[in-house]
Every structure is written in C-alpha cells, then in structure tokens.
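The values are calculated or read from the model by the stated rules, or taken from the named source; none is laboratory data. Quick caveat, the model's predicted, so the values are computed rather than measured. Ideal geometry is used to build each Cβ from the backbone, glycine not excepted, and the neighbour counts take in all protein chains shown.
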Amino acid sequence: MNIRIEIDGKPALSGKTALISGGYGGIGLSVCRGFAENGANCVVADLPQSPSEELGVLMAEYPGSVRYVPTNICDGEARKALLEQCKKGFGSIDILFNNAAVFDMGPLLESDEAQYEKLFRVNVNGMFFLMRAVADEMVNAGNGGKIINMASQAGRRGEALVSHYCASKAAVISYTQSAALALAPHGINVNAISPGVVDTPMWDHVDSLFAQYEHRQPGEKKRLVGEEVPLGRMGVPGDICGAALFLASGMSDYVTAQTYNVDGGNVMS
C-alpha cells in the first residue's frame, strides 16, 4: 500500500527524522516505508545484527535516508547509543514509532514469573524508557515532536490465555495518556495505535500457541479470527500506515492522549 500525502505542497514528513523500533519486518517495516515515501529520514532499530532482506531493499530505494541500527531497546546503554546514532546521522528526532514488542500466552493458572517478566520487560519497560529517552531529546531540542506507541486490541480487554500480554498493552495505553499530559507543554503529541489481528509473521507464532492450548489444527485460529472481524478479514501491515502517517504529521497537531483502534471494527470505543 502506497500512501503519499502532501501538506503545503511538500511530502507530509519532509525534513523530519523518525525512529522506528521493531522495524525489521511486519508493521514496523511497513510504517518505515510509508514514512520514507512521505519524505522522512528513518532510523530502524531491532534485535538482529543485520537488516532483513525486505528492509535491505527499502534501504537501497532510499540510500542514506533509511538506516538500520541493531539495538536492544531494553538495555539503557543500547538506547543511549541508538539516540546518538540518530543525532549523528540526521540531527534531532522528530517522530518516534514505538513498535517493538513480544508475544506469549498460556493458561493463567500455569503462568510464571519468567513469562511475566519477558513480556513486561519489552512491552512496558522497553517501550516506556525508549519513549522517555526520545522525549528528553525532543524537549532539549525545543521543536516539539510526535510519539506513537503501539498498543493492541488486547489492551482493551482481558483474555483467559493472554493475561500478561493484555496487561502489558493496557499499560501502553495508560502510559500514552500520562505521557501526553506531561509532554503537552513542550509541544510533543503522544498517541497510540491499537491494531486488531494483523497478518504478520508474529501471527504464525500466535496461531501455533492457540493450536497448542485450544487443541486446534495449525492455521485454524488464524482463519477464524479473520472471519470474525466485522470487515471480514485480518488486517495487513499496510492497514496501519494511514493512522501512523496521520499521527506523525502536522495533520494531528491538535490530537494527543488518544489510542486509535485500527482493527476492522473489532473494538468500539
């Protein structure tokens, strides 16, 4: 999906620098492409030491303006080095697409501290402290900014097999609201996107876990959740791009503390 938006005759993100965590593939990669197509310089952070083949193609299409930095966002020194790379390459950071996350599930009565700590370390700790670090840079630069945190429809409700993940994404929504209020005096807008079921490589992992715990055939859960969406299908990564571009651009200057459902009608709020 190609979305190109012009504001005052220029690409919507012209001259802006975006930091995208979890951009190796899936939603993060799709949003990176959308940002680059709309004029942004993009720094992509993820765990692998080298970019994915798809990200490598994007980097070749936008030489010099799309860069990859291997990073563990849960490590304070790694976050510091990442921000230094952003500043060294492009100057100040104008946009954060805070997307890195992990998924796991299992019966609540069988859950343990290891599963809890894994999910909260990345989905809450990593998300919050990357947001905090980028917010510090934005405040010091004095130019405002846009922060977009990735929540989930799981953060809007409980699920018997997905308790820790649901709680971690509910925390993303709550932190988004609090950060928006704290950073509003600095001209920094903080919002979130709450996707529904999106057909990414992660969902193959999710499907395999549901197959295990609900005694289903491989692929059955994925098919069923797609059929249950009011619009009749699972989302694709490109479905998130429109909301991300809106929240990253000047079109959303009067929007903050909101979490946008992009889920085909699964959640009404």
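Mind checking whether some residue in segment 144-158 is among the hydroxyl-bearing types (Ser, Thr, Tyr), in contact with a Ser or Thr (Cβ under 7 Å, 6 or more places away or on another chain) and crowded, with 20+ Cβ neighbours inside 10 Å? Please lay out each step first, then the result.
Restricting attention to segment 144-158, the residues satisfying the condition of being among the hydroxyl-bearing types (Ser, Thr, Tyr) are 152.
Filter again for in contact with a Ser or Thr (Cβ under 7 Å, 6 or more places away or on another chain), leaving 152.
From the residues that got through so far, the ones that are crowded, with 20+ Cβ neighbours inside 10 Å too are 152.
Yes, that holds for at least one residue.
Condition first: in a loop (DSSP other than H, G, I, E, B), more than 13 Å from Thr176 (Cβ to Cβ) and either among the aliphatic types (A, V, I, L, M) or out of contact with any Leu (no Cβ under 9 Å at 6 or more places or on another chain) (or both). Now tell me which residues in segment 245-262 satisfy that. It would help to see each step written out before you state the result.
Looking only at segment 245-262, we keep the residues that are in a loop (DSSP other than H, G, I, E, B), and these are 249, 253-258.
Add one more test, that the residue is more than 13 Å from Thr176 (Cβ to Cβ), and what stays is 249, 253-254.
Matches in segment 245-262: Asp253, Tyr254.
So how many residues does segment 1-32 have that are part of a strand (DSSP E or B) and surrounded by 24 or more Cβ atoms within 10 Å (Cβ to Cβ)? Talk me through it step by step, then tell me what you get.
Taking segment 1-32 and keeping what is part of a strand (DSSP E or B), we get 6-7, 10-11, 17-21.
Narrowing further to those that are surrounded by 24 or more Cβ atoms within 10 Å (Cβ to Cβ): 18-21.
Residues in segment 1-32 being part of a strand (DSSP E or B) and surrounded by 24 or more Cβ atoms within 10 Å (Cβ to Cβ): 4 in total.
Given the criterion surrounded by fewer than 23 Cβ atoms within 10 Å (Cβ to Cβ), in contact (Cβ under 8 Å) with a residue 12 or more places away in the chain, more than 21 Å from Pro201 (Cα to Cα) and touching a strand residue (DSSP E or B) at 6+ places or on another chain (Cβ under 7 Å), identify the matching residue among Gly91, Gly76. Lay out the reasoning, then the answer.
On the way: Gly76 fails: touching a strand residue (DSSP E or B) at 6+ places or on another chain (Cβ under 7 Å).
After ruling out the rest, the residue left standing is Gly91.
Since Ala100 meets every condition but one in (1) under 25 Å from Trp203 (Cβ atoms); (2) part of a helix (DSSP H, G or I); (3) of a type in the set (A, V, I, L, M), which condition does it not meet?
(2)
Quick one: in segment 202-258, which of the residues that are hydroxyl-bearing (Ser, Thr, Tyr), closer than 28 Å to Ser174 by Cα and touching a residue at least 24 places away in the same chain (Cβ under 8 Å) is surrounded by the most Cβ atoms within 10 Å (Cβ to Cβ)? Outline the logic, then answer.
If we filter segment 202-258 for residues that are hydroxyl-bearing (Ser, Thr, Tyr), which is where we start, we get 208, 213, 249, 252, 254, 256.
Checking which are closer than 28 Å to Ser174 by Cα leaves us with 249, 252, 254, 256.
Going one step further and asking which of them are touching a residue at least 24 places away in the same chain (Cβ under 8 Å), we end up with 249, 252, 256.
Values: Ser249: 22, Ser252: 18, Thr256: 20.
Among them, the one singled out is Ser249.
Looking only at segment 35-56, count how many residues are touching a Pro at 6+ places or on another chain (Cβ under 9 Å) and of a type in the set (A, V, I, L, M).
Selection size over segment 35-56: 4.
Looking at segment 86-100, is at least one residue polar (S, T, N, Q) and either on the phi > 0 side of the Ramachandran plot or at pLDDT 95 or above (or both)?
If we filter segment 86-100 for residues that are polar (S, T, N, Q), which is where we start, we get 92, 98-99.
Subset that is either on the phi > 0 side of the Ramachandran plot or at pLDDT 95 or above (or both): 98-99.
Yes, segment 86-100 has at least one match.
Looking at segment 173-208, which of the residues that are in contact with a Gly (Cβ under 6 Å, 6 or more places away or on another chain) and among the β-branched types (Val, Ile, Thr) is farthest from Gly22 (Cα to Cα)?
Among those residues, the one meeting the criterion is Ile188.
Which number in (1) of a type outside the set (A, V, I, L, M, F, W, C); (2) touching a residue at least 24 places away in the same chain (Cβ under 8 Å); (3) not in a loop (DSSP other than H, G, I, E, B); (4) not assigned by TED's automatic domain parsing to the domain that holds Val122 marks the one condition that Ser269 misses?
(3)
I'd like to check something: does segment 130-145 contain any residue that is in contact with a Pro (Cβ under 8 Å, 6 or more places away or on another chain) and not in a helix (DSSP H, G or I)? Talk me through it step by step, then tell me what you get.
Looking only at segment 130-145, we keep the residues that are in contact with a Pro (Cβ under 8 Å, 6 or more places away or on another chain), and these are none.
No, the conditions are met nowhere in segment 130-145.
Which condition number does Ile3 fail, the rest of (1) among the β-branched types (Val, Ile, Thr); (2) closer than 20 Å to Ile147 by Cβ; (3) touching a Cys at 6+ places or on another chain (Cβ under 8 Å) being met?
Checking Ile3 against (1) among the β-branched types (Val, Ile, Thr); (2) closer than 20 Å to Ile147 by Cβ; (3) touching a Cys at 6+ places or on another chain (Cβ under 8 Å), the one that fails is (2).
Any idea which of (1) surrounded by fewer than 17 Cβ atoms within 10 Å (Cβ to Cβ); (2) out of contact with any helix residue (DSSP H, G or I) (no Cβ under 9 Å at 6 or more places or on another chain); (3) assigned to a loop (DSSP other than H, G, I, E, B) is the one Ser50 doesn't satisfy?
(2)
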